[in-house]
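Q: First, the structure itself, so that you have it in front of you.
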Amino acid sequence: MDDDRILIRRAGPLQGEVSIPGAKNSVLKLMAATLLTDGEFTLTNVPAIVDVGIMAELLAAIGVRSERLGPDVLRLTNDGNITPVAPYELVERIRASINVLGPLLGRCGHVSLSLPGGDDFGSRPIDMHIKGLEAMGATFELRHGVVEARADRLHGADITLEFPSVGATENIVTAAVYAKGTTVIDNAAREPEIADLCQFMVGMGAHIEGIGSSTLVVHGVEHGELHAVAHAVVPDRIQAATYLAAVAVSGGEVVLRGARGDHMDMLLRRFRDMGLTITATADSLAVWADGSLRSIDVATLPYPGIATDYKPLVVTMLTVADGVGIVTENLYPGRFRYVEELQRLGADIRADGHHAVVRGVPRLSGAPVRAPDIRAGAALVVAGLAADGVTTVTGVHHVDRGYDDLVGRLRLLGADIHRVPAG
Ligand code: UD1
């Protein structure tokens with residue numbers, strides 16, 4: 001695919017302030033939850049990212065219209081004319097499309113949702129979503145790559161997740177809002193974006209207890225008891241971490257406006273262990289770094305552990321840190337696809353299965369690299385800041401899915417970085 005490129009040269013210390021946009025992994029779920037009830041919703045702090053547009057297209061196909069009212073304001077109108085069918089062309093583009101399942105099942109009692117790729121339903125990684133919803137009375141059938149889910153009226157249930165899956169927790173909690181009786185989700189995922197979704201639904205009139213904890217209790221309400229609301233999307237902790245990593249490898253002093261340090265506690269501790277000085281206020285983070293880093297060992301875990309989405313950034317920091325760091329991936333086997341790209345920049349990394357051993361080198365050296373996914377793409381941009389010469393990142397469309405003007409924000413901080421349009 002012909003695509004834009006990002007060109008990066010090593011620059012002096014980064015300075016200044018950067019605003020942190022709303023979280024991709026929240027806004028997409030909030031958008032899906034507008035399927036629950038009629039009315040006009042207003043979301044603020046909405047990031048300008050491609051995935052918001054894709055989710056808007058999916059919702060438009062189902063019956064909710066979206067309009068940008070300003071750079072970070074999105075109005076979604078649900079006039080009650082809902083067709084609970086999620087077509088393949090849209091579903092296959094973003095994982096978060098699975099999040100229409102819970103709201104549609106609760107609201108309409110049936111959903112027809114295409115599943116992208118593969119045909120082995122039993123081993124598909126939405127088994128926990130399905131098991132939870134089955135416990136609430138739903139039935140599922142797979143026909144020609146389409147999941148047909150039905151439930152005349154969902155009922156409350158006690159559900160213990162095998163693993164605190166983000167998506168399963170979200171689908172179960174959104175479906176439970178209209179279930180008859182009380183649903184208890186044990187071993188629920190606790191990510192701040194799930195708390196944001198729950199707060200959004202509480203604003204709509206839902207009864208949810210235990211928000212932010214690993215036990216969510218949902219008391220079902222009747223159809224017609226929810227109403228549309230306005231809501232500000234929680235700031236993106238992954239984008240915030242990206243600017244911290246940029247300062248870490250370049251040195252400098254930067255304030256991240258809007259960043260929620262309390263949502264990044266474990267990561268901040270480990271970044272301090274690496275040598276960053278970070279101070280948090282209620283709605284900002286100030287970071288200072290002299291460009292030298294110490295190696296640490298890190299393992300990814302569900303929240304409040306170190307998120308798997310931070311990992312490419314941590315690995316990148318370790319490539320230029322003093323010493324050897326071992327990184328263990330506990331969520332997704334083989335999620336080290338960007339390692340070969342970092343090696344092209346001169347990084348000393350050995351990755352095998354769930355582990356990567358990263359031996360710090362004094363400098364990376366610029367080269368052409370390709371972004372394999374959103375987070376790894378951003379990490380390659382950060383690596384470019386630590387590399388002599390020019391680093392050219394292609395596959396930029398991945399970065400656009402989750403980053404709101406990464407290049408512009410880094411330029412504001414004094415980075416030597418440009419986006420070159422395709423063609
Ligand atoms: C969300 C995030 C993603 C992040 C991940 C973990 C969005 C759009 N994506 O993805 O960026 O990396 O959380 O923090 O919010 N699993 C099963 N069966 C299931 C569900 C999950 O086996 O029914 C497995 C998955 O394959 C994976 C692990 O559990 O290995 C974690 O998945 P989950 O927490 O559900 O992540 P997502 O919601 O897909």
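The values are calculated or read from the model by the stated rules, or taken from the named source; none is laboratory data. All of these numbers come straight from a predicted model, not from anything done at the bench. Here Cβ is always computed from backbone atoms with ideal geometry, including for glycine, and neighbour counts include all displayed protein chains. Only protein heavy atoms, including side chains, enter the accessible area calculation; ligands, DNA and RNA are left aside. Shrake-Rupley method; radii C 1.70, N 1.55, O 1.52, S 1.80 Å.
Q: Go through region 26-47 and report how many residues are in contact with a Lys or Arg (Cβ under 9 Å, 6 or more places away or on another chain) and open to solvent by 30 Å² or more (accessible area, probe 1.4 Å).
A: Number satisfying all stated conditions: 2.
Per-residue answers, yes or no, for (1) β-branched (Val, Ile, Thr); (2) open to solvent by less than 20 Å² (accessible area, probe 1.4 Å); (3) within 16 Å of the ligand (Cβ to nearest atom):
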position: ALA135; (1), (2), (3): no, no, yes
position: HIS155; (1), (2), (3): no, no, no
position: VAL166; (1), (2), (3): yes, no, yes
position: GLU170; (1), (2), (3): no, yes, yes
position: ALA176; (1), (2), (3): no, yes, no
position: GLN199; (1), (2), (3): no, no, no
position: GLY210; (1), (2), (3): no, no, no
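Q: Every residue in region 8-24 that is within 16 Å of VAL50 (Cα to Cα) and open to solvent by less than 20 Å² (accessible area, probe 1.4 Å), please.
A: Applying the first criterion (within 16 Å of VAL50 (Cα to Cα)) to region 8-24 yields 21-24.
Within region 8-24, PRO21, GLY22, ALA23 qualify.
Q: Check whether at least one residue in region 243-251 is outside any strand (DSSP E or B) and hydroxyl-bearing (Ser, Thr, Tyr), and report yes or no. Walk me through how you get there before you give the answer.
A: Here is the first cut: in region 243-251, the ones outside any strand (DSSP E or B) are 243-251.
Then drop every residue that is not hydroxyl-bearing (Ser, Thr, Tyr), which leaves 243, 250.
Within region 243-251 (the criterion being outside any strand (DSSP E or B) and hydroxyl-bearing (Ser, Thr, Tyr)), the answer is yes, since at least one residue qualifies.
Q: Taking region 348-397, which residues are open to solvent by 50 Å² or more (accessible area, probe 1.4 Å) and among the β-branched types (Val, Ile, Thr)?
A: Hits for region 348-397 are VAL357, VAL390.
Q: Here's a follow-up. Here is a list of conditions, (1) open to solvent by 30 Å² or more (accessible area, probe 1.4 Å); (2) touching a residue at least 24 places away in the same chain (Cβ under 8 Å), and GLU340 meets all of them except one; can you say which number that is?
A: Against the list (1) open to solvent by 30 Å² or more (accessible area, probe 1.4 Å); (2) touching a residue at least 24 places away in the same chain (Cβ under 8 Å), GLU340 comes up short only on (2).
Q: Okay, next question. Those residues that are in a strand (DSSP E or B) and of a type outside the set (A, V, I, L, M, F, W, C), I need them from region 317-346; list them, please. First the steps, then the outcome.
A: Just the residues of region 317-346 that are in a strand (DSSP E or B), to begin with: 322, 324-328.
Matches in region 317-346: ASP322, GLY325, THR328.
Q: Checking the condition open to solvent by 60 Å² or more (accessible area, probe 1.4 Å), in contact with a strand residue (DSSP E or B) (Cβ under 7 Å, 6 or more places away or on another chain), more than 28 Å from CYS108 (Cα to Cα) and modelled with pLDDT of 95 or more, which residue from ARG65, ARG5 passes?
A: Working: ARG65 fails: more than 28 Å from CYS108 (Cα to Cα).
When all the criteria are applied, what remains is ARG5.
Q: Please go through (1) part of a helix (DSSP H, G or I); (2) within 16 Å of the ligand (Cβ to nearest atom); (3) surrounded by fewer than 20 Cβ atoms within 10 Å (Cβ to Cβ) for TYR310 and return the number of the only condition it doesn't satisfy.
A: Single failed check for TYR310: (3).
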